[in-house]
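What follows is a set of notes on a single structure, which appears directly below.
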Amino acid sequence: MKLMGFLLLVAGWTLVLAALALLPSGPSQVSFVLMALGIEALGLTLVFRSHLALGRDRK
Amino acid sequence: MTPVSPGELSESGFAICFILILLIPCSAAGLALINAGLGRFRNAAHSMASALCVVAVAAGAYFFVGAAWQGYAGQPAYALRAAGRDWNWIGAGRFFLRGVEFGGASSLAALFGLAGAGLAAIIPLGSGADRWRLGSSCASTALLAAVTYPLFAHWVWGGGWLAQIGFLDSGGASAIQAVGGLTALSITWILGPRRGKFNSEGMPSALPGHNAVLVLLGCFLAWLGWLGLNGAGAILFTGTEVTRAVLIAVNTTLAASSAALAVAAITRARFGKTDASLCANGWVAGLVAASAGCAVIRPAGAVIVGLIAGALVVYSVEWLELHLGVDDPGGSVSVHAVAGMWGLIAVGPLAALLPGGRPGQWLGQLVGVASLLGFVLPLTYGLNWLLNRLSRQRVAIEGERQGLDLYELGAGAYPDFLTHNDDFWQR
């Protein structure tokens, strides 16, 4: 779950770069960047949850 | 606004910028005192010694390679060509500061970078307090000051791709604060919580700091340091006129004040009493949040930035501890990462003083935040995870019980101090 979370973080950032490089300035670029941020938020949630689960396992 | 090229600063501008940079070590001293005061008394000397050592290591690492990779606008850099444009991603300067012409703006940028690397290195010490080995914190700092910090600082201040798309960060809310704060988050994950912090049901117990006076004194020192940090950064990296240093100082002070007052009001309303350590965290969070847009927002905007930064700190500290199991004794993640990213986002809607208004400014700021989360966090976590595989970063259980002062330094900060049974975690 942790690895998946970090992969989602990197994937979100890659989408941001792709939006900047490939899309013209305008609503499509903005929505692409916002979607990529959503993916990053999902990745961050997964990483937090994996560490929470890891802490419980340690106990 | 475009970065100043070497030689563009007037003599008086150079002198003022130099004096402002000389104030930055006060912010490092302030953060070191805050970290020491929020830790336990048996780790106080270790905390201060760690701060001094990581600043020294950061200076060395930045001198060896960091300055070359950070570079400066207008100096050589490596760029990738994609989709018809150049993506400037890393400086191509010479190692050991050999390409720096002392006497020009590039030498000021190198001095600023040296101080900034030291400041960023102190931030994770707050989250790793009471359990992070001295050697490991130094090794982690070497990676931070040689790789993570210069790389992101190049993107923001060295004419890198983020600067090219219009991302704005005058005083280091991203390159210094958020990079340090996200490294702090990685460190808390890798080290795990302190012994006795969470019970078997996962509920946290309070482990209060040992000296509130140190913490609050640290806030005053940090204030002085931030006046220099924000002023020098704005003049050097965003081409702000020297005369605007007054506005920067006013905005910085207003943001810190409103953040501290917001925390005082919220904690009083929720808990019946004002929480001193959270007020200190709020003060610093206000300083951090102001760093991004201090040169381009109006004083009323700085108050809004500070109020929201203060509120964010209260709820973020609670959320991280109660719901996400993060043990961050110094509040570094909330104060530097969360407030830093808020300050960056706030530049979008509040940057009223930008030439031309820049209607698309907020998109550039969002891309900067996305880069912090999507690039810096995985990078800094990966580097520290590797370091932990090579050599365990957390101190042995005996060291945690005995206290890092005695265990790693051989002497305590307060040799005449009486100890109480309830100061020790349950064995």
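Quick notes on this structure:
- Just so you know, the averaged projected area of the alpha carbon convex hull for the protein assembly as shown sits at 21.7 nm².
- Chain B: antiparallel DSSP beta bridges as a percent of all, rounded to 5: 90 percent
- Fluctuation leader among B:ILE308, B:ILE16, B:ILE297 - chain B, Gaussian network, Cα springs under 10 angstrom: B:ILE16
- Dimensionless Rg ratio for chain B, taking C-alpha atoms and the 2.2 N^0.38 Å reference: 0.93
- Of the DSSP H helices in chain B, those that are both long (alpha-carbon extent of 24 Å or more along the helix axis) and hydrophobic (Kyte-Doolittle mean at least 0.5) are B:11-38, B:44-61, B:105-127, B:212-237, B:245-271, B:276-293, B:299-322.
- Across region B:263-409, the mean sequence separation of Cα contacts (distance under 8 Å, 6 or more residues apart), normalised by length, yields a relative contact order of 22 percent.
- Axis angle, to the nearest 10 degrees, between helix A:2-22 and the longest C-alpha principal axis of chain A: 10 degrees.
- Theoretical ellipticity at 222 nm over the protein assembly as shown - DSSP helices of four or more residues, -39500 (n - 2.57) apiece, nearest 500: -20500 deg cm²/dmol
- Taking θ as phi - 60° and the Karplus parameters 6.51, -1.76 and 1.60, the scalar couplings of region B:94-101 work out to 9, 5, 6, 6, 6, x, 7, 8 Hz in sequence order, x denoting glycine and proline.
- For region A:2-58, the Kirkwood estimate of hydrodynamic radius, built from reciprocal distances between every pair of different alpha carbons, is 12.0 Å.
- Taking region B:176-284 and dividing mean pair separation by its residue count, relative contact order in percent (alpha carbons under 8 Å, at least six apart): 23 percent
- Between helix A:27-58 and chain A there is an angle of about 10 degrees, using the helix long axis and the longest principal axis of the Cα atoms.
- The ranking of B:ASP328, B:ASP275 by Cβ neighbour count inside 10 Å, starting from the fewest, reads B:ASP275, B:ASP328.
- Shielding by partners, peptide A:39-48 (average Cβ within 10 angstrom, other chains): 3
- Chain B: most fluctuating residue of B:ARG389, B:ARG194, B:ARG42 per GNM, C-alpha cutoff 10 Å: B:ARG389
- Comparing B:PRO329, B:PRO299, B:PRO124 in a Gaussian network model of chain B where C-alpha atoms under 10 Å apart are linked, the largest mean-square fluctuation is found at B:PRO299.
- Between region B:228-250 and region B:135-181, the alpha-carbon center distance in angstrom: 19 Å
- Among beta bridges that DSSP assigns inside the protein assembly as shown, antiparallel share in %, nearest 5: 90 percent
- Each listed q (0.13, 0.14, 0.16, 0.21 Å⁻¹) maps to a log10 I(q)/I(0) for region B:1-152, found by the Debye formula over equal Cα scatterers with no solvent: -0.65, -0.73, -0.89, -1.21.
- Volume of the convex hull of region B:187-330 (Cα atoms only), normalised per residue: 118 Å³.
No lab work stands behind these numbers, since they all come straight from the coordinates. Small disclaimer: the values here were computed from a predicted structure and weren't measured. Positions of Cβ are backbone-derived with ideal geometry, glycine not excepted, and every protein chain shown enters the neighbour counts.
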